[in-house]
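Each reported figure results from applying straightforward, stated rules to the coordinates on display, with no laboratory input. Since we're looking at a predicted model, the values are computed, not measured. Cβ coordinates were reconstructed from backbone atoms using ideal geometry, including for glycine residues, and neighbour counts include every protein chain displayed.
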Ligand SMILES: *Cc1c(COP(=O)(O)O)cnc(C)c1O
């Protein structure tokens, strides 16, 4: 009664768009956070089938889940548990993003222990102030990596950073600072194959950087990283449809309060339709706040606003005198052919961004896949 339909062929189509946009750079498909809610293993298998160059995840555990599922594409993990010993990561051929000397040391110990040369990407903080070595620490990190390279404990595959997407001027400053950090590493004698800096937004905004790889998450799922601009502007196709069914209908009189807090009271005698999806499924409760844009759903061919409070498991819409019956399909978002709201519309109604909607959608939804591979 709650279904997420994931179109894996749309994801491949979006991959091909990013190949065009990035002018032949290698593509890292970012599949962290359960592939932004789309199902990590299924998405990764499909991307491997489509010959993607790399996969990217935050945690080593996510990378190991891919390996356990038989995914053999190179995978990079960059956000580490302070207690991570990296042994399993090396055994699983997971490449490791290294942000500081302490991580480098743990990686070297794991390499020594497993007798495997650790494949690492050094991360430099060029201005986002999240992970990555500061420019002041960069020289020491590069030197440490050089020493371990000569001891055959590590192989530096790449150097990377991440933009803040604050303004074009801020991004340009980071791009310049990344260029400097790369040059300093080269001058110190370090060699590496891959420089990578941009995510979906920077890959679209700065197509001429000429770096060897781009890291694309949201765009692969067909969504736009720019608030107020649709994915279709960039030739992207949304890959997720969320749908449910009407679980109950009832006829009520005028002036009846509906759901918690009576945010909504019926204006006339009408029919209410109950939909069994709530904030436990990741439908944001805030989308039923009535200040600002209103969220909606499609039943049949018609859109109905969500005017009463979204609860944990369910919400109610007023369908007036329309013929709506128990079992009728309800589209919450994503089905353009049905004129359903986009993920972006729901995000705006909930005062958030499309990233947060898809990564949090789940709960009791079941995912089904179009175009899956084994
Ligand atoms: C999540 C993430 C990405 C992907 O970002 P999108 O905006 O979804 O394309 C790329 N790089 C890093 C370091 C990330 O954490």
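Numbers for the structure displayed
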| quantity | calculated |
| --- | --- |
| Residues in region 351-374 reached by a label modelled at residue 16 [backbone nitrogen below 19 Å; 7 Å Cα→Cβ] | 370-373 |
| Cα-projected label distance for residue 83 with residue 274, points at 7 Å along beta-carbon direction, nm | 4.4 nm |
| Kirkwood Rh, angstrom, the chain [1 / mean 1/r, Cα pairs] | 22.4 Å |
| Tilt relative to the chain, helix 101-114 - C-alpha long axis, 0 to 90 degrees, to 10 | 80 degrees |
| Helix-only mean residue ellipticity at 222 nm for the chain, each DSSP H run of n ≥ 4 adding -39500 (n - 2.57), per residue, nearest 500 | -9000 deg cm²/dmol |
| Rounded if a/c under 1.5, otherwise prolate or oblate - region 7-221, Cα gyration tensor axes | oblate |
| Modelled FRET efficiency - R0 41 Å, residue 323 with residue 367, Cβ distances, 0.05 increments | 0.85 |
| Prolate/oblate/rounded label for region 130-200 (Cα gyration tensor, a/c 1.5) | prolate |
| Part-to-part distance (alpha-carbon centres) for region 10-45 and region 265-280, which is given in Å | 37 Å |
| Prolate/oblate/rounded label for region 234-374 (Cα gyration tensor, a/c 1.5) | prolate |
| Rough spin-label spacing in nm, given labels placed 7 Å along Cα→Cβ, for residue 143 and residue 49 | 5.1 nm |
| Fewest-first ranking of 187, 53, 112, using other Cβ atoms within 10 Å as the exposure measure | 187, 112, 53 |
| Spin-label model distance (nm) - residue 351 vs residue 212, 7 Å beyond Cα toward Cβ | 4.6 nm |
| Folded to 0 to 90 degrees: helix 40-49 orientation relative to the chain principal axis, Cα | 60 degrees |
| Angle between the chain longest axis and helix 8-21 axis [Cα atoms, degrees, rounded to 10] | 50 degrees |
| Cβ-Cβ FRET estimate between residue 265 and residue 301, R0 fixed at 25 Å, reported to 0.05 | 0.40 |
